[in-house]
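First the structure, in the form of structure tokens, and then the observations on it.
Computed from the coordinates by the stated procedures, all read-outs in this text should not be read as laboratory data. Just so it is clear, the model here is predicted, and its values are computed rather than measured. FYI the Cβ positions are ideal-geometry reconstructions off the backbone, even for glycines, and counts take in every protein chain you see.
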Amino acid sequence: MKCDPETDGSYPDAPRPAVGAVVFKEDAVLLVKRAKAPVQGMWAIPGGSVRLGETLQAAAEREVLEETGVVIRAGEPVLVFDTIQRDEQDNILFHYVIVDLAAEYISGDPRAADDAADARWVTQAELAHLDVNPATLHLLWDRFSFGRRERRHDGKDN
């Protein structure tokens, strides 16, 4: 993976705050296929960095609109976690503190934009056939009973 600290947030000097939004419409969840590191090529809930002076809710609403064209009303946090990736020399490659928020769908049809390669409503049945970020799978199952828990290599549920 080629990293460019100027454009992808690699090699930060401090943890970076970020948000995600869990948005449901009927029996489907809004997911994006990431176009950039650190989870390039994987499906995940939409979201991104929090700007200076921006509330978590405002950041989630802006990021979902920028990535998907969907208008939401962001609610309360449902999960807080960090993700830290190191390079071969054990330097911090990425460090995000992520707050995922529940959100209400307002309007719009998903279309990929910004740093999303694809965006769409995904049903529970479709979820099993996509390369979904493990953190997203756990969030959807544990907090919303949506989808199935990720299977470990030994066949047991995580």
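Which residue is surrounded by the most Cβ atoms within 10 Å (Cβ to Cβ), if the candidates are limited to region 44-92 and must be in contact with a Gly (Cβ under 6 Å, 6 or more places away or on another chain) and assigned to a strand (DSSP E or B)?
It comes out as Gly47.
With the structure loaded, tell me whether Ile98 is part of a strand (DSSP E or B), farther than 16 Å from Pro15 by Cβ and among the β-branched types (Val, Ile, Thr) or whether it fails that test.
On the way: part of a strand (DSSP E or B): yes; farther than 16 Å from Pro15 by Cβ: no; among the β-branched types (Val, Ile, Thr): yes.
It is false that Ile98 is part of a strand (DSSP E or B), farther than 16 Å from Pro15 by Cβ and among the β-branched types (Val, Ile, Thr).
Any residue at all in region 125-132 that's over 22 Å from Pro12 (Cβ atoms) and among the β-branched types (Val, Ile, Thr)? Even if it seems obvious, please write down each step before you answer.
Kept after step one, since they are over 22 Å from Pro12 (Cβ atoms), are these residues of region 125-132: 125-132.
Filter once more, so that each one left must be among the β-branched types (Val, Ile, Thr): 132.
Looking through region 125-132, at least one residue is over 22 Å from Pro12 (Cβ atoms) and among the β-branched types (Val, Ile, Thr).
Which one is surrounded by the most Cβ atoms within 10 Å (Cβ to Cβ), of the residues in region 108-136 that are within 12 Å of Val39 (Cβ to Cβ) and hydrophobic (A, V, I, L, M, F, W, C)?
Only one residue tops the list, namely Ala116.
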